[in-house]
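Contents: one structure, followed by commentary.
The values are calculated or read from the model by the stated rules, or taken from the named source; none is laboratory data. Treat the numbers as computed from the prediction; the structure is a model and nothing was measured. Here the Cβ is made from the backbone with ideal geometry for all residues, glycine too, and neighbour counts use every protein chain on show.
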Amino acid sequence: MTRLLKSRKLYVSSALAGALMLAAGLYASALGEAGYVGSEKCKECHEEVAASHAKSLHSRAWAGKSGYGCESCHGPAGDHVNNPSRESIVSFGKESKQSADLQSKQCLGCHSASTSLAYWDMGFHKKEDVACSACHSIHKGDKPTVNQLETCFGCHKDIKRDANRQAHHPIIEGKVKCSDCHNPHGTLGHGMIKADNTNQLCYKCHGDKRGPFIWEHAPVEENCLVCHDPHGSKANKLLKERVPSICQDCHDLTGDSHAGTPTDSSRSSFVTGTDNKLVSRACLNCHSNIHGSNAPSSRGKEFRR
Ligand code: HEC
Ligand code: HEC
Ligand code: HEC
Ligand code: HEC
Ligand code: HEC
Ligand code: HEC
Ligand code: HEC
Ligand code: HEC
Ligand code: HEC
Ligand code: HEC
């Protein structure tokens, strides 16, 4: 087993010879004692599936190797061929008579060494009875790759709605995938994100926001999602709320320096509503380095240019 874990490459080739048998053997007991009949037998009644399966990635990867073929996923079919029904075999999907857990175990027998599956047991999907086959199709198409927009949006309607909002990460445009940010198999941390925390995730693609800054803006350091939505929002730039409202949630400017004096052009009468020219970018007209600044003196401290 240690040998299997040493390298993924080794795992793949050994999976065929060793883990295949092991895996199928492990779950054999789920379906009685009648044992294996071999893939040839299946063709008699499932001609179409068998023909398409022959061209699939799994079938190709196993070609010429010993193993259980169809039955490495569907389990030993001795009982099934005597008494053909859905109940007498491991089947997958909504119509299946087996638990989501058992379905997933059929796959994990070979794939548990994959690093992306290391935290499967801790993920939301396993907890919510979402089996491997809810996302991966073995017989439809050549490879069991996932069409993420179709598959993920199918269950996550709220994310679909957000991703279609006026401001959004370019997910529907195909420039960013769900799996760039999430490990749908599960992670140690919250939200199944592919980083220790939200900010580390955002820095992967927005390195300029990482700093270090001499003048840090506290909420930015705390969590990007204090101001941004991750998928999409009604306000510009994925903001949870428009500027200036979002700023004013935290900064009460009534009666402060912003009232200014009419002669001080750097002060804003915007806040008091007397200077409409400033409305377009509001606070950002002056506080333009909102994520942090390295500018010297008070300009930096106040995130001004
Ligand atoms: C004698 C004919 C026969 C043989 C041989 C046979 N099956 Fe079946 N199989 C059936 C019938 C009939 C059903 C029930 C179909 C239904 O209820 O819609 C079925 C159902 C299934 C299902 C569930 C289908 C679903 O819609 O979920 C799977 C999976 C399956 N068989 C796989 C196999 C495999 C793998 C083999 C070979 C190891 C095999 N079968 C051999 C006749 C057969
Ligand atoms: C008997 C062992 C075995 C079983 C059981 C098995 N697989 Fe695989 N799987 C493999 C092998 C070997 C490959 C090819 C690996 C490669 O080429 O990197 C593969 C490839 C894959 C891939 C593509 C990997 C990639 O890198 O793109 C996916 C996804 C996958 N399997 C999902 C599943 C699912 C879902 C199930 C259960 C329904 C399952 N597998 C059952 C051995 C197995
Ligand atoms: C919620 C959807 C979802 C579920 C459930 C799911 N996967 Fe995946 N899986 C994905 C996505 C998305 C990828 C990314 C690659 C791609 O586009 O196919 C992936 C990648 C993979 C890969 C290739 C990458 C690697 O780590 O080697 C394998 C193998 C795999 N999944 C197996 C499984 C198995 C086994 C299960 C069940 C225990 C499972 N998946 C459950 C969505 C899912
Ligand atoms: C790598 C795992 C795996 C292998 C190997 C496999 N299947 Fe399947 N099978 C599945 C999954 C998962 C589904 C659910 C539908 C899908 O994912 O496409 C399924 C669905 C089915 C169905 C019912 C749905 C349909 O499309 O009619 C039948 C019948 C079936 N398989 C027969 C077979 C036969 C026969 C073989 C061998 C030639 C085989 N399977 C090999 C995983 C596998
Ligand atoms: C740019 C990165 C990114 C992309 C791309 C992305 N997400 Fe997220 N997603 C996040 C972050 C960050 C969270 C918040 C995680 C937390 O802290 O709980 C999140 C949360 C979620 C949640 C939890 C519920 C919620 O509304 O907060 C779901 C479900 C989800 N994402 C699904 C998806 C799906 C489906 C896709 C692809 C269509 C996707 N995500 C694409 C970053 C991303
Ligand atoms: C069969 C339905 C189904 C599919 C398909 C599915 N999910 Fe989920 N997902 C769920 C359920 C149920 C939960 C747990 C409840 C919730 O948070 O919505 C969940 C939870 C999540 C979470 C964590 C939510 C949190 O609260 O932290 C993320 C992230 C996520 N899914 C992403 C994805 C991605 C990415 C895909 C596509 C690769 C996907 N899901 C496909 C049903 C599904
Ligand atoms: C996988 C890479 C990736 C990750 C991770 C990522 N982003 Fe992005 N982000 C992008 C891309 C690509 C764009 C679009 C850039 C463009 O069109 O110039 C974008 C755009 C944005 C925008 C501007 C949106 C607009 O409407 O103009 C904001 C705000 C943003 N991201 C915030 C975040 C936050 C917050 C996180 C962490 C939760 C994050 N991003 C994680 C890739 C990523
Ligand atoms: C205090 C609120 C706030 C927090 C917290 C915040 N942002 Fe922003 N972000 C903004 C505002 C306001 C804009 C619009 C700036 C503009 O239009 O000039 C913006 C714009 C962006 C943009 C698009 C324009 C650009 O500057 O590239 C990205 C990307 C971005 N933020 C990423 C992040 C990341 C990553 C984090 C966490 C490290 C983060 N933001 C935290 C308020 C915030
Ligand atoms: C979640 C709360 C929060 C939001 C939202 C927020 N800030 Fe801040 N901001 C803070 C905190 C906390 C500080 C640090 C205050 C301190 O050190 O006294 C700060 C500091 C500042 C400072 C420097 C203050 C000083 O005394 O040097 C400016 C300027 C500022 N924010 C402007 C903005 C603008 C403009 C927005 C909207 C784009 C905004 N903030 C959104 C919490 C927030
Ligand atoms: C016309 C330029 C301008 C605009 C627009 C502006 N500010 Fe300022 N802001 C300043 C200047 C200049 C200072 C430094 C004032 C001082 O040193 O007394 C400042 C200081 C601050 C400070 C720190 C000192 C304090 O008074 O608490 C905060 C917080 C702040 N601004 C938030 C905001 C918010 C929120 C908005 C939008 C509602 C905004 N500003 C709009 C120019 C502006």
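Quick check on my filter: what residues within the stretch 44-86 are acidic (Asp, Glu), over 20 Å from Cys110 (Cβ atoms) and in contact (Cβ under 8 Å) with a residue 24 or more places away in the chain?
Correct list: Asp79 only.
Considering only residues that are of a type in the set (Ser, Thr, Tyr) and within 26 Å of Phe303 (Cβ to Cβ), which ones fall in the stretch 168-226?
Thr198, Tyr203
Out of the residues in the stretch 125-135 that are crowded, with 16+ Cβ neighbours inside 10 Å and part of a loop (DSSP other than H, G, I, E, B), which is nearest to ligand 9 (Cβ to nearest atom)?
Top of the filtered list is Val130.
Identify all residues within the stretch 163-206 that are hydrophobic (A, V, I, L, M, F, W, C) and free of Cβ contacts under 8 Å to residues at least 60 places away in the same chain; write none if there are none.
Scanning the stretch 163-206 gives Ile172, Val176, Cys178, Cys181, Ile193, Ala195, Leu201, Cys202, Cys205.
Collect the residues in the stretch 174-224 that are of a type in the set (Ser, Thr, Tyr) and not in a helix (DSSP H, G or I), keeping them in residue-number order.
Thr187, the sole residue that qualifies.
Quick grid of which residues meet (1) at pLDDT 95 or above; (2) within 16 Å of ligand 8 (Cβ to nearest atom); (3) at negative phi; (4) touching a Pro at 6+ places or on another chain (Cβ under 6 Å):
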residue	(1), (2), (3), (4)
Tyr36	no, no, yes, yes
Ser39	no, no, yes, no
Ala54	no, no, yes, no
Asn82	no, no, yes, no
Glu87	no, no, yes, no
Gly93	no, no, no, no
Gln103	yes, no, yes, no
His125	yes, no, yes, no
Ala134	yes, no, yes, no
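Name every residue in the stretch 105-130 that is more than 18 Å from Cys178 (Cβ to Cβ) and among the aliphatic types (A, V, I, L, M), in order of residue number.
Leu108, Ala113, Ala118, Met122
Report yes if Ile171 is within 16 Å of ligand 7 (Cβ to nearest atom), assigned to a loop (DSSP other than H, G, I, E, B) and surrounded by 14 or more Cβ atoms within 10 Å (Cβ to Cβ), otherwise no.
Taking the combined requirement at face value, the residue satisfies it.
Taking the stretch 243-257, which residues are outside any helix (DSSP H, G or I) and without any contact (Cβ under 8 Å) to a residue 24 or more places away in the chain?
Result: Asp249, His251, Asp252, Leu253, Thr254, Gly255, Asp256.
The rows are residues; the columns are (1) over 28 Å from Ala118 (Cα atoms); (2) out of contact with any strand residue (DSSP E or B) (no Cβ under 7 Å at 6 or more places or on another chain).
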site	(1), (2)
Pro144	no, yes
Cys152	no, yes
Ile159	no, yes
Ala167	yes, no
His182	no, no
His185	no, yes
Thr198	no, yes
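Any residue that is in a loop (DSSP other than H, G, I, E, B) and more than 22 Å from Gln103 (Cβ to Cβ) - is there at least one of those in the stretch 154-164?
yes
What single numbered condition from (1) within 12 Å of ligand 7 (Cβ to nearest atom); (2) out of contact with any Cys (no Cβ under 6 Å at 6 or more places or on another chain); (3) in a helix (DSSP H, G or I) fails to hold for Glu150?
Of the numbered conditions (1) within 12 Å of ligand 7 (Cβ to nearest atom); (2) out of contact with any Cys (no Cβ under 6 Å at 6 or more places or on another chain); (3) in a helix (DSSP H, G or I), the odd one out for Glu150 is (1).
Can you find even one residue in the stretch 92-104 that is closer than 17 Å to Asp129 by Cα, more than 25 Å from the chain's Cα centre (by Cα), more than 16 Å from ligand 10 (Cβ to nearest atom) and crowded, with 19+ Cβ neighbours inside 10 Å?
yes
Select from the stretch 68-91 the residues that are buried (at least 19 other Cβ atoms within 10 Å of the Cβ) and assigned to a loop (DSSP other than H, G, I, E, B) and list them in ascending order.
Answer for the stretch 68-91, where residues must be buried (at least 19 other Cβ atoms within 10 Å of the Cβ) and assigned to a loop (DSSP other than H, G, I, E, B): Tyr68, Gly69, Cys70, Gly75, Pro76, Ala77, Ser88, Ile89, Val90.
For Gly211, work out the one condition from (1) modelled with pLDDT of 95 or more; (2) surrounded by 14 or more Cβ atoms within 10 Å (Cβ to Cβ) it doesn't fulfil.
If we test Gly211 against (1) modelled with pLDDT of 95 or more; (2) surrounded by 14 or more Cβ atoms within 10 Å (Cβ to Cβ), just (1) comes out false.
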